[in-house]
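Visitor: One structure coming up, written as structure tokens, with questions to follow.
Values in this text are rule-based calculations from the coordinates and carry no lab data. As the structure is a computational prediction, the values presented were derived from the model and not from experiment. Please note: Cβ atoms are built from the backbone with ideal geometry, for glycine as well, and neighbour counts cover all protein chains shown.
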Amino acid sequence: MNIDYTAPEVPVLDVLAWVVLRDDRMLTVRTRGRDAFYLPGGKREPGESDVAALRREVHEELGVELEPDSFTLVAELTAPAHGGLPDQRVRMRFYEAVGHGRPSPGREIEELAWLPVADRARLAPAAQLLLDRLVTEGRLAAG
């Protein structure tokens, strides 16, 4: 008897991130138990818009309030998910938005860092792709 087994598809993770650039550095965070830096953000809850989800995530992670009418889509990129299942992919939408308050690590954030292009290897794959795009666009110095 032949059994035709096809492995189930691994769903693509849908994630949102906040982009903040200052002095040729990008605001990043490292969550507890992870080795790579990410941009602040996360997944939406059922029924949440991009704006509502990213405002909630950034407030939870950094205590910063994002102005809802200030969101601008910077990029949408797909990359391997760092630390996920084999073949796991993440689709990230990166937004700039005006924030109020000084970023400060929340309970799930181990470390906050303003990373330059030279620290590219410390970033998760999707953040590396964004960094490359920002350099190509001239928004960050190549280092």
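Visitor: Once you've got the GNM for the chain with C-alpha springs shorter than 10 Å, pick whichever of GLY63, GLY101, GLY47 has the biggest mean-square fluctuation.
Guide: Among GLY63, GLY101, GLY47, the largest mean-square fluctuation in the Gaussian network model of the chain belongs to GLY47.
Visitor: Roughly how many Å is it from the Cα centre of the range 5-70 to that of the range 78-126, as a whole number?
Guide: Distance between centres, Cα-based: 7 Å.
Visitor: On to the next question. Around THR78, with a cut-off of 10 angstrom between Cβ atoms, what is the net charge of the other residues, counting Lys and Arg +1 and Asp and Glu -1? Write out the running numbers ahead of the final one.
Guide: On the way: positive: ARG89, ARG91; negative: GLU76.
Once positives and negatives cancel, what remains is +1.
Visitor: Using a Gaussian network model on the chain with a 10 Å cutoff between Cα atoms, which of ALA118, ALA127, ALA53 fluctuates the most?
Guide: ALA118
Visitor: Same structure, new question: Among 27-35, 90-98, what's the highest-first ranking by average C-beta atoms within 10 angstrom per residue?
Guide: Per-residue Cβ counts within 10 Å, averaged per peptide and sorted highest first, yield 90-98, 27-35.
Visitor: Right, another one. From the phi of every residue in the range 62-76, what ³J(HN,Hα) in whole Hz does the Karplus formula 6.51 cos²θ - 1.76 cosθ + 1.60 yield, where θ is phi - 60° and glycine or proline is x?
Guide: Going residue by residue, I get 10, x, 9, 9, 9, 6, x, 8, 9, 6, 10, 6, 8, 6, 10 Hz, with x marking Gly and Pro.
Visitor: For the chain, what D do you get in µm² per second when you plug the Kirkwood radius from alpha-carbon pairs into Stokes-Einstein at 20 °C and 1.002 mPa s? Don't skip to the end; give the middle numbers.
Guide: Numbers: Rh = 15.9 Å.
Estimated via Stokes-Einstein, D reaches 135 µm²/s.
Visitor: Quick query: amide H of LEU13 versus all other amide H atoms, modeled in the peptide plane; which residues come in under 5 Å with a sequence gap of 5 or more or a different chain?
Guide: Correct list: ARG89, VAL90, ARG91.
Visitor: While we're here: What does the charge count near LEU134 come to, summing +1 for each Lys or Arg and -1 for each Asp or Glu among other residues with Cβ under 13 Å from its Cβ?
Guide: Every neighbour counted, the sum reads +1.
Visitor: In nm, to one decimal, how far is the modelled label at GLU137 from the one at ASP69, with both set 7 Å along Cα→Cβ?
Guide: The two pseudo-label positions are separated by 2.3 nm.
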